[in-house]
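Here's the structure, in structure tokens; my notes come after.
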Amino acid sequence: MEIISKLRHRHLVSIIGHCIVSDQENPNIASSVYLISECVTNGSLRSHLTGMIFSETPFAVHEDNDIGSAHNAEQGDKQDIYQIGLILLEVITGKPTGSQTQLEALKAQLSEALTEDPDRLKDMADPAIHGTFAVDSLSTVAEIALNCTAANPSDRPSIDDVLWNLQYSMQVQDGWASSESLGLSVKSQA
């Protein structure tokens, strides 16, 4: 939760607190996790991610956005992981994922950029964040997003894997930001 609460981006609602409710029979198992976020008015997550005003422009709804409504917990978890992947793709590109065809095309482009051309990956990023990220950090998040949106639910990572990789990405980003500020300090002293 510490990592999530540190995320700051104009496309993300800040998490300001959390509450973990434990199972009474087994206090080591969380039965519910509640996130406390800043108040965001005038729309949905999608409308804020895409800069649309909810009342003016309806947003596309994915056919499989029934978070947690699967028949068993494992399917529900894998569906939630899929949704996390969709959100990450939208944060990376600054655009809604659109139809399934558009999503598959975006995933193919990201996959190709990851393996063949890191500069292309930078170009695919939301223009609002250009110059503010380490390419290695962006690559890690793109890989997470692609893994989370795997067609076969059993190929999707666990939430622990997603969180570990996001934490790693933040560490890379923090290291890059520190080196950037050191570079500016050294240049200004010269």
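So here's what we get for this one:
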item: I4 modelled with pLDDT under 75, part of a helix (DSSP H, G or I) and surrounded by 12 or more Cβ atoms within 10 Å (Cβ to Cβ); result: yes
item: Residues that are under 18 Å from V172 (Cβ atoms), among the polar types (S, T, N, Q) and in contact (Cβ under 8 Å) with a residue 12 or more places away in the chain, drawn from region 104-148; result: S137, S139, T140, N147
item: From the options D136, D119, residue that is among the charged types (D, E, K, R) and under 16 Å from the mean Cα position of the chain (by Cα); result: D136
item: Region 7-35, residues that are among the aliphatic types (A, V, I, L, M) and either at pLDDT 70 or above or in a loop (DSSP other than H, G, I, E, B) (or both); result: L7, L12, V13, I15, I16, I20, V21, I29, V33, L35
item: Residue check, L163 surrounded by fewer than 17 Cβ atoms within 10 Å (Cβ to Cβ), closer than 13 Å to L88 by Cβ and either of a type outside the set (F, W, Y) or modelled with pLDDT under 90 (or both); result: yes
item: So L163, is it in a helix (DSSP H, G or I) and under 13 Å from the mean Cα position of the chain (by Cα); result: yes
item: Odd one out for A145 among (1) modelled with pLDDT under 95; (2) out of contact with any Lys or Arg (no Cβ under 7 Å at 6 or more places or on another chain); (3) surrounded by 17 or more Cβ atoms within 10 Å (Cβ to Cβ); result: (1)
item: Residues being more than 18 Å from N147 (Cβ to Cβ) and buried (at least 17 other Cβ atoms within 10 Å of the Cβ) - total across region 95-128; result: 3
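The values are calculated or read from the model by the stated rules, or taken from the named source; none is laboratory data. Please read all numbers here as calculations on a predicted model, not as lab measurements. Glycine also receives a Cβ, built like all others from the backbone with ideal geometry; neighbour counts cover every protein chain displayed.
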